[in-house]
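Data block below; observations after.
The values are calculated or read from the model by the stated rules, or taken from the named source; none is laboratory data. Quick caveat, the model's predicted, so the values are computed rather than measured. Positions of Cβ are generated from backbone atoms using ideal geometry, with glycine treated the same way; all protein chains shown enter the neighbour counts.
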Amino acid sequence: MTQDPYAAAEAVAVAASSIPGEFLVPDLVDRFRAEQPEFTVATTVTDSAGVFAALRGGDAEVGFAGVEPDDADLVAEVVGADEIVLAVPAGHPLDGAASVTVAQLAATPLVEREEGSGTRRSFADALADRGTPLVTDQRWTIRDTNEGLIEAVAAGEGVGVISAWALDRHGRDDVRTVRLDGDPVQRCLYLVLRRDDDLGPAATTFVSLVREGARA
């Protein structure tokens, strides 16, 4: 394993995917800095696949992601939750719909995050669990940020698959929220660590704060 440069330092390197990186981690970091001013935090925001790569490569001690890692070298625990919704441009045929069926969605161009995104993976998994995966030759537009996805939806490029947190935060009058038919598409947000890692003092303290917040 690559030697972690933060392991013995008074700093913790954090890698977070976009949703926890934008909505969960900043508050945790602010609290950590207020309570533990002797320590520092370096945060990188990427996608879930990038978080796992950073942990495995020793570039981060602590990770946050919207999906669980696939392999046993990383361990994950739930520290938050999120809902995945659909973003439609104002005036779209689905604007104002009580809910959207999978058949309607399959007939509509979609705007999605990149392949390594936890939002994209969670949405696909939710459809598969319902027995209604999208099998279609519809047009897909890919954006690597939530802001870019919302801009694409506003421009009429398709219906976006996005976190409710992100749509609420970046929401605008020309983009509306609708939901998939059936139960809400919910997913957990995870604290992710290397299974065999001995955390440095800063990371140990930071992880304790995260777990305390998750239990509150």
Checklist entry - Out of Arg113, Arg169, which single residue is surrounded by fewer than 21 Cβ atoms within 10 Å (Cβ to Cβ), at pLDDT below 95 and outside the structural domain of Gly66 (by TED's automatic domain parsing)? => result Arg169
Next on the checklist: Looking at Gly66, Gly58 in this structure, which one is on the phi > 0 side of the Ramachandran plot and not assigned by TED's automatic domain parsing to the domain that holds Leu149?
Outcome noted: Gly58
Checklist entry - Does Gly21 qualify as being out of contact with any Gly (no Cβ under 9 Å at 6 or more places or on another chain), touching a residue at least 40 places away in the same chain (Cβ under 8 Å), part of a strand (DSSP E or B) and of a type in the set (Gly, Ala, Ser)? => result no
Checklist entry - Are any residues in segment 145-176 under 14 Å from Glu22 (Cβ atoms) and of a type outside the set (Gly, Ala, Ser), and if so, which ones? => result Thr145, Asn146, Glu147, Leu149, Ile150, Ile162, Trp165, Leu167, Asp168, Arg169, His170
Checklist entry - Looking only at segment 140-166, which residues are of a type in the set (Ser, Thr, Tyr) and either crowded, with 21+ Cβ neighbours inside 10 Å or outside any strand (DSSP E or B) (or both)? => result Thr145, Ser163
Next on the checklist: List the strands (runs of 3 or more DSSP E) inside segment 26-136, counting only whole elements, that have at least 3 residues being under 16 Å from Leu191 (Cα atoms).
Outcome noted: 40-46, 62-65, 74-89
Item to check | segment 1-38 - residue that is aromatic (Phe, Trp, Tyr) and either at pLDDT 95 or above or outside the structural domain of Val192 (by TED's automatic domain parsing) (or both) and, of those, nearest to Phe206 (Cα to Cα) | outcome: Phe32
Item to check | Residue in segment 52-66 that is surrounded by the fewest Cβ atoms within 10 Å (Cβ to Cβ), counting only those that are of a type in the set (A, V, I, L, M, F, W, C) and farther than 19 Å from Ala166 by Cα | outcome: Ala53
Checklist outcome for this item: Checked Arg195, Arg179, Arg215, Arg211 against criteria (in contact with a Ser or Thr (Cβ under 6 Å, 6 or more places away or on another chain) and either basic (Lys, Arg) or outside the structural domain of Leu86 (by TED's automatic domain parsing) (or both)); the one match is Arg179
